[in-house]
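A quick write-up on the structure given underneath.
Derivation of every value follows stated rules applied to the coordinates shown; laboratory data play no part. Remember, predicted model here, so these are calculated numbers, not experimental data. Heads up, the Cβs are rebuilt from the backbone with ideal geometry, glycines too, and the neighbour counts pull from every protein chain shown.
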Amino acid sequence: MIIVTPVYEDVDASSRLFQELALQFKNDLFVVAVDDGSVIQPLEISSLEKAGVDGVVLTLRRNVGHQRAIAIGLGYASEIMRPDQRIVVMDSDGEDLPSTIADLLLALADTGVDVVVAQRESRVETLRFKVFYAVYKRFFRLMTGRSISFGNFMVLTPGAVKRLVAMHELFIHVAAAVLASKLRTGRCSIDRGPRYAGQSKMNFVGLALHGFKGLMVFAEDVLVRVGIACALIASLSVVAAAAAVVLKLLGIATPGWFSVALGILVLMFLQTGALALMTLMLTGLVRGGTVTATIAYHDFVERVSETKQPVGSA
């Protein structure tokens, strides 16, 4: 089994994770830890060696963000994995509990599934986060027509990893890329644990940006839906303008009402009509500009540090 985990200025928590993984899986484990350009607390290979875990530390040239770090780790894993191995993506702060990996692996044993994602039963989060997440999930479904209820904690087959690393969307948002990949996805209800140490680096602005990046993966669908909504509003404004003219001709309209109503409806028609045309044009640009290529993760890696102990049966 291969574990892919990003680490950013979080040596204490990640070291605890490596120890927990060693207790859970003994030698049946290989860790790909991606140091996302840490400056204050860079991750060293000694953290893996002290925990008795076999693996590598990919030190990146600069901070590229949580999602890109995972994509780079998966790119590396895709080159070293065996056909019989399973690849686990998890955070290094302890919120993804190592003890629950077995549940994900069990769900992946179903031959009709390519990836199993952790769907959270409970969260150790603030009320503001819970409200924002609930609103975001409904907004995401409205704009894309898809439901997203999982994060980065997942288990994949080698075939699923090869498919994902060939998608440019993986660099933007991992969970949304899984949805866009058309992979057969299973869901497993798992509780979220507390952090091992330190504070989360994700603030509210970063959380909102992460959410909107998920929408970017489905930019084409979002643009089409916005265009349809604009065209619908433009059509309704034409109908309403015609009704205003009829009321004026029948003498029902009050003085001054007709000109104000007609002016507002004409403006609505022009604005929504123009926006509908713009979204349709952008949809064509998005479709024509999409290029799928394997992630060149090597360009981001400054150094690959390997453990000294021999590779186990991971």
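Suppose the chain between ARG62 and ASP103 were pulled fully straight at 0.36 nm per residue; how much longer would it get relative to their current alpha carbon spacing?
Result: 11.3 nm gained on full extension.
Where does the chain land at 222 nm, in deg cm²/dmol rounded to the nearest 500, when only DSSP H runs of n ≥ 4 count, each adding -39500 (n - 2.57), divided by all residues? Provide the component values of the computation, followed by the final result.
Details: 10 runs with 155 residues, N = 314.
-16500 deg cm²/dmol, from helical runs alone.
With the crude spin-label approximation of a point 7 Å out along Cα→Cβ, what separation in nm comes out for LYS162 versus VAL238?
Reported label-point gap for LYS162 and VAL238 is 5.1 nm.
So what's the convex hull volume per residue for the Cα atoms of the chain, in Å³? Walk me through the numbers on the way to the answer.
On the way: hull volume 50.8 nm³, N = 314.
Dividing the Cα hull volume of the chain by its residues yields 162 Å³.
Which pairs, out of LYS182/LYS213; LYS137/LYS182; LYS26/LYS182; LYS130/LYS182; LYS26/LYS50; LYS50/LYS308, put more than 22 Å between their alpha-carbon atoms?
On the way: LYS182/LYS213 19 Å; LYS137/LYS182 19 Å; LYS26/LYS182 34 Å; LYS130/LYS182 28 Å; LYS26/LYS50 13 Å; LYS50/LYS308 11 Å.
Violating the 22 Å limit, Cα to Cα: LYS26/LYS182; LYS130/LYS182.
For each of LEU250, LEU106, count neighbouring Cβ atoms within 10 Å of the residue's Cβ, then give the residues from fewest to most. Provide the component values of the computation, followed by the final result.
Working: LEU250 8, LEU106 12.
By the 10 Å Cβ count, ascending, the order reads LEU250, LEU106.
Take each complete run of DSSP H in the chain, measure how far its Cα atoms stretch along the helix's own axis, and keep only those covering 18 Å or more with mean Kyte-Doolittle hydropathy at least -0.5; list them.
Going by DSSP H runs, the hits are 11-25, 66-80, 127-144, 204-217, 219-249, 257-289.
Taking amide H positions as placed in the peptide plane 1.01 Å from N, state which residues far from LEU29 in sequence (5 or more) or on other chains have amide H under 5 Å from it.
Residues meeting the amide H criterion: SER313, ALA314.
Test of understanding: given the chain, find the longest segment containing no trypsin sites (Lys or Arg not before Pro) that are in a DSSP loop and have at most 14 other Cβ atoms within 10 Å.
It runs 202-307.
I need the calculated FRET efficiency for the pair ILE252 and VAL205, taking r as the beta carbon distance and R₀ as 45 Å, to the nearest 0.05.
0.30
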